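Down below is the structure, laid out as structure tokens.
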Amino acid sequence: MMTEPRDTSSVRHRPRLFKSFFQGSFACSTACRGEGKRVDLTVSSGHDTLLDKDYARLAAEGLLTARDGARWYLIEEKPGEYDWSTFMPMLHAAENQGIEMIWELAHFGWPAHLDIWQPRFVDSFAAFARAMACLMRDEGYTAPFFTPMNQISFWSWAGAEVAMFNPGVTGRGGELKQQLVRASVAAMRAIREELPAARFVLTDPLVHVASSDNSPAAQEEARQQHNAQYEVWDMLSGRLQPGLGGDATLLDIIGLNYYPDNQWLANGETLAPDNPAWRPLSGLLEEVWHRYQRPILIAETGAEGEARAPWLNSVVEQAGLAMDNGIEIEGISVYPAVDYPAWADDRRAPGGLFGLPDANGSRTVNEPYVLAIRSHQIKFKNAG
């Protein structure tokens, strides 16, 4: 399903929510792996020492909105004390380069002094979010974008079902999901008390799960797995388990993370685009839109190696089809903006617009990827 860029001159929905439709996402996980090693991707990608240059690279390509992380584990090393020395350079570098930021407050990591299973974790995250909102307000921001907890569904599975990273347990995914929802709800309420106009991008993977065979049992298993992707948004909106505190006013922008391996059979086998069970992205976007009627950001998408540009072309084409049908797709964010050693196993992941830095802080440019983005930008501009 890798296709050439489509003509978007007839796109019906006109995105207006973000500074730029095409965006960049920085790898900013701070998870602890099973052996207890903290993996800070802001550091391992070299982004921490190249903030101005990295944001300038995005700006030069017209990617004026980006996602990056405020690293909670560094900001609150001591309970209730906030040291913003790792965050303020990020904020000011983004300002210097004219980048509108979506700030993630927890990307798979938290301060070492907290137990994620305890009520104090929720209270501490809400207090951190409030402190962040106050800081942003003092810096002159009235309506910033935040992602409270990144990819709650994935975090719950990876951290509490298969022990891929922290909290490193199995069989407790549902429990962790509820706890992270509680924390997100508390954080959003705290932020809105300080910044009533703040916006929230609520991210989770967009997936399709198909039946392994035609038996009723297999079809039901696939249906349940497929619909599980909606649990977190349903919880945040109060549709599901309202005792967690969610309500419809908190369900703001739906952030969808979508990759080539986001479709699979219920038995775990990954679907290829040429499989008859594969569903076009436009149909998946329509399904989300009709369920929630909220603005949608494709918050992460990308592929590795030579597949980068063709994959982006297919995503843009499918997003355009959805927009032709009036679905409010407000942006597409390529991930990662810069390469990094993979957080799960330190493997080099060649998927970024820009490569790992050399000794002089220079990054190589993936020309086909950048050229594809430029082509799509021109078409969207002409359509606007």
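The values are calculated or read from the model by the stated rules, or taken from the named source; none is laboratory data. Remember, it's a predicted structure, so these values are computed and weren't measured experimentally. A quick note on method: Cβ atoms are made from the backbone with ideal geometry, for glycine too, and the neighbour counts reach across all protein chains shown. For the accessible areas, the whole protein counts, side chains as well, though only heavy atoms, and no ligand, DNA or RNA atoms are used. Shrake-Rupley method; radii C 1.70, N 1.55, O 1.52, S 1.80 Å.
Only one of the numbered conditions (1) buried (at least 21 other Cβ atoms within 10 Å of the Cβ); (2) closer than 28 Å to Leu195 by Cα; (3) in contact with a strand residue (DSSP E or B) (Cβ under 6 Å, 6 or more places away or on another chain) is not met by Trp110, and that is (3).
Yes/no matrix, rows are residues, columns are (1) buried (at least 16 other Cβ atoms within 10 Å of the Cβ); (2) out of contact with any strand residue (DSSP E or B) (no Cβ under 6 Å at 6 or more places or on another chain):
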residue	(1), (2)
Trp289	yes, yes
Ala299	yes, no
Arg308	yes, yes
Gly326	no, yes
Glu330	yes, no
Gly351	yes, yes
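Does Gln225 satisfy the criteria of being within 23 Å of Phe21 (Cα to Cα) and either of a type in the set (Phe, Trp, Tyr) or modelled with pLDDT of 95 or more (or both)? Spelling it out, it is not the case that Gln225 is within 23 Å of Phe21 (Cα to Cα) and either of a type in the set (Phe, Trp, Tyr) or modelled with pLDDT of 95 or more (or both). Residues in region 245-253: is at least one of a type in the set (S, T, N, Q), farther than 29 Å from Ala303 by Cα and more than 19 Å from the chain's Cα centre (by Cα)? Within region 245-253, one or more residues are of a type in the set (S, T, N, Q), farther than 29 Å from Ala303 by Cα and more than 19 Å from the chain's Cα centre (by Cα). Quick one: Tyr73 ticks every box in (1) assigned to a helix (DSSP H, G or I); (2) within 24 Å of Gly361 (Cβ to Cβ); (3) open to solvent by 10 Å² or more (accessible area, probe 1.4 Å) bar one, so which box is it? Tyr73 satisfies every listed condition except (2).
Restricting the first residue to region 204-231 and requiring it to be under 20 Å from Asn257 (Cα atoms), which pairs with a second residue that is open to solvent by 40 Å² or more (accessible area, probe 1.4 Å) and among the polar types (S, T, N, Q) meet a Cβ separation below 7 Å and a spacing of at least six or different chains? Between residues of region 204-231 that are under 20 Å from Asn257 (Cα atoms) and residues that are open to solvent by 40 Å² or more (accessible area, probe 1.4 Å) and among the polar types (S, T, N, Q), the close pairs are Val209/Gln225.
Within region 179-234, if we keep just the residues that are open to solvent by 40 Å² or more (accessible area, probe 1.4 Å) and in contact with a strand residue (DSSP E or B) (Cβ under 7 Å, 6 or more places away or on another chain), the residue that is nearest to Tyr335 (Cα to Cα) turns out to be Arg199.
No other residue among Glu330, Glu306 is among the acidic types (Asp, Glu) and in a strand (DSSP E or B) apart from Glu330. Of all residues in region 310-323, exactly one satisfies the criterion of being in contact with a strand residue (DSSP E or B) (Cβ under 7 Å, 6 or more places away or on another chain) and either closer than 21 Å to Ala342 by Cβ or open to solvent by 10 Å² or more (accessible area, probe 1.4 Å) (or both), namely Leu312.
The residue that is modelled with the highest pLDDT, among those in region 38-54 that are polar (S, T, N, Q) and open to solvent by 10 Å² or more (accessible area, probe 1.4 Å), is Thr49.
Evaluation of Glu175 against the conditions (1) open to solvent by 10 Å² or more (accessible area, probe 1.4 Å); (2) without any contact (Cβ under 8 Å) to a residue 24 or more places away in the chain shows that the sole unmet condition is (2).
I need the full set of residues from region 127-152 which are among the small types (Gly, Ala, Ser) and closer than 23 Å to Arg38 by Cβ, in order please. Ala127, Ala129, Ala131, listed by residue number. Scanning region 132-172 for residues that are open to solvent by 20 Å² or more (accessible area, probe 1.4 Å), in contact (Cβ under 8 Å) with a residue 40 or more places away in the chain and within 20 Å of Glu95 (Cα to Cα) gives Cys134, Leu135, Arg137, Glu139, Tyr141, Thr142, Ala143.
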